[in-house]
Structures are given as structure tokens and as C-alpha cells.
Amino acid sequence: MPDENSDNATSYQLVILLRQDCQIQVGALGRFDFEAGYYIYSGSAKRNMTARLARHCRKDKPLRWHIDYLTSHSAAEVVDVHRFNIEECQLNQACPGIIPIPGFGASDCRSGCIAHLKYLGSKRP
């Protein structure tokens, strides 16, 4: 999938490196074991995309979305960000990987995605 990186992009993917195995409380979703390695998260922003992405990359932030619980962890680092002009669920469904936590990032999904976070293992995408 081409990285659009345009000003009118409506969806994005975060590539996250988790440097060690962790147990993380993900809001009301629960407490989960995360394996070390690379994760990819698909999201969207109808407006203020730059601000949203900057927020995701910060450690210190109010924990609002599922992804905040992962990206704010000391062992996690957002290592790449891609913007796209396709719908986030289409982007997510085209992405390889396994679903580590059903429901993660997909609370408002209307396209049947089990989750919008995928585990890619030790190989950087």
C-alpha cells in the first residue's frame, strides 16, 4: 500500500516497537500481555491529523483511546507513521499480522474488524 503522506489524508498507521514483553491495562478493555516486537495500529482523523499523530507519539498524555495505553508505556516507541487516503478499516484489513487483543481500537468499527491493532513479530515492516 502506498504511503500517501498528503495533507488531505484521513487515515494513518502507526508502527510501534515494544522493546520487551509487558502487561498493560488497556482502559476498560482489560489487562493484557503484549509480546515484544512490532505492532501496527490503523486509525483515522477527519480533521487535525497532524495534532492527532503528534499526540500518539507523546508519552505524557491523558489516556483516552486504547492506543494511548500502549504508546504511553515506557517500553513502547512509535517508530514510523504513514498517512493514507483510504478508509481506516480497508487499510487495517489489508495489513498483515495477527490480532493480539480483540476489540483493541475497534470500538466504533462498522466494517467487521476484530481489532485495529496487529502484531507483526520481530520483523520491522
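A few notes on this one:
- Out of 52, 64, 110, 31, sole residue that is in a strand (DSSP E or B) and more than 13 Å from residue 16 (Cβ to Cβ): 31
- The set of residues in the stretch 62-109 that are among the hydroxyl-bearing types (Ser, Thr, Tyr) and either modelled with pLDDT under 95 or closer than 13 Å to residue 44 by Cα (or both) contains only 107.
- With respect to (1) part of a strand (DSSP E or B); (2) within 20 Å of residue 106 (Cβ to Cβ); (3) over 11 Å from the mean Cα position of the chain (by Cα); (4) of a type outside the set (Ser, Thr, Tyr), the lone exception for residue 16 is condition (3).
- Check on residue 47, basic (Lys, Arg), out of contact with any Asp or Glu (no Cβ under 7 Å at 6 or more places or on another chain), free of Cβ contacts under 8 Å to residues at least 60 places away in the same chain and in a helix (DSSP H, G or I): no
- Subset of the stretch 58-79 (residues that are out of contact with any Asp or Glu (no Cβ under 9 Å at 6 or more places or on another chain) and more than 19 Å from residue 108 (Cβ to Cβ)): 58, 59, 60, 73, 74, 76, 77, 78, 79
- Residue tally, condition assigned to a strand (DSSP E or B) and of a type in the set (A, V, I, L, M), over the stretch 67-80: 3
- Positions within the stretch 67-110 being exposed (fewer than 14 other Cβ atoms within 10 Å of the Cβ), farther than 18 Å from residue 30 by Cα, touching a residue at least 24 places away in the same chain (Cβ under 8 Å) and not hydrophobic (A, V, I, L, M, F, W, C), in sequence order: 85, 96
The values are calculated or read from the model by the stated rules, or taken from the named source; none is laboratory data. These figures come from a predicted structure and were not determined experimentally. Every residue, glycine as well, gets a Cβ built from its backbone with ideal geometry; the counts of neighbours run over all protein chains shown.
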